[in-house]
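Here's the structure we're looking at; comments come further down.
The values are calculated or read from the model by the stated rules, or taken from the named source; none is laboratory data. Since we're looking at a predicted model, the values are computed, not measured. Every residue, glycine as well, gets a Cβ built from its backbone with ideal geometry; the counts of neighbours run over all protein chains shown.
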Amino acid sequence: MNFGRHISGQFNVELESIRTHVLTMGGLVEQQLSFAMQALHKDDIELARKVVRDDHKVNSMEVSIDEACTRIIAKRQPTAKDLRLIMAIIKTITDLERIGDVATRIARVAIENPSSKDKPFNVSLEPLCRQAVNMLHQVLDAFARMDVDAAAAVYKMDDRLDAEYEAVIRQLMTYMMEDPKNIPQILQVMWSARAIERVGDRCQNICEYIIYFVKGKDVRHLGEQSIDDALR
């Protein structure tokens, strides 16, 4: 992607390199989240352990990209759109790292609560997780193209994720009332559901960063209507 012409061709190379590393980090985070949910549903302890082991890769990539952004700010003193890109990247990798933390915590739940695949209250998380992974995939695609229309569409997907989350909580509450002995395990599933729901919020944040970079408008905390207004 051509972010603009600079006197220094090396500046263009550095910007593109950082953007590529962000997408690589995003791909790893998406994989981590998918693996964590597979481990939880299939009672795959080894896969869960792999997710936990690989968390350091996500953390290392965040540090590396952050350092690269700091070097560019120090060396190039970017202004206008270039500076917005750097700021958007710094914020994006923070949200990606936190989604990676969600994957690790879900994997730990799978490790600490083995032999739970036959419990009916675990099945209810599958649609929720599919929506969260899809939302993450779509927002990474929007980031790759810096597509504000795609970002706006992903932002609105969170409504469906929230509705699914509320349905899951109602279902789990019913299970708790039917058999109080399952309450400790169900609380773990509730925590996992909440963590997955937060992935949608992180994706919305990334949508806002894309709009900020392209349009130069800060739409954080303003809701869907402000995003629609920004795209007019």
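Hey, does the range 45-55 have a residue that's among the charged types (D, E, K, R), exposed (fewer than 13 other Cβ atoms within 10 Å of the Cβ) and part of a helix (DSSP H, G or I)?
Scanning the range 45-55, I find at least one residue that is among the charged types (D, E, K, R), exposed (fewer than 13 other Cβ atoms within 10 Å of the Cβ) and part of a helix (DSSP H, G or I), so the answer is yes.
Which pairs turn up if I take residues in the range 141-167 that are in contact (Cβ under 8 Å) with a residue 12 or more places away in the chain and farther than 24 Å from T20 by Cβ and look for partners that are among the hydroxyl-bearing types (S, T, Y) and part of a helix (DSSP H, G or I) with beta carbon separation below 9 Å, at least 6 apart in sequence or on another chain?
So the pair list comes out empty.
Looking for whichever is surrounded by fewer than 21 Cβ atoms within 10 Å (Cβ to Cβ), modelled with pLDDT under 95, in contact with a helix residue (DSSP H, G or I) (Cβ under 9 Å, 6 or more places away or on another chain) and in a helix (DSSP H, G or I) here; the options are H41, H6, H21. Which one fits?
H41
Which residue, of L33, L83, L40, L96, is in contact (Cβ under 8 Å) with a residue 24 or more places away in the chain and within 30 Å of V13 (Cα to Cα)?
The unique qualifying residue is L96.
Under the condition of being surrounded by 18 or more Cβ atoms within 10 Å (Cβ to Cβ) and either basic (K, R) or modelled with pLDDT under 95 (or both), which residue from the range 69-83 is nearest to G200 (Cα to Cα)?
Residue satisfying both the conditions and the ranking: D82.
Of the conditions (1) modelled with pLDDT under 95; (2) farther than 30 Å from D43 by Cβ, I89 clears all except one; give me its number.
In the conditions (1) modelled with pLDDT under 95; (2) farther than 30 Å from D43 by Cβ, I89 misses (1) alone.
Which one is farthest from the chain's Cα centre (by Cα), of the residues in the range 81-115 that are outside any helix (DSSP H, G or I) and among the polar types (S, T, N, Q)?
So the residue we want is S115.
Of the conditions (1) modelled with pLDDT of 90 or more; (2) of a type in the set (S, T, Y); (3) not in a helix (DSSP H, G or I), Y165 clears all except one; give me its number.
(3)
Give I206, I196, I210, I186 a once-over and let me know the one that is surrounded by 16 or more Cβ atoms within 10 Å (Cβ to Cβ), aliphatic (A, V, I, L, M) and over 27 Å from G26 (Cβ atoms).
After ruling out the rest, the residue left standing is I186.
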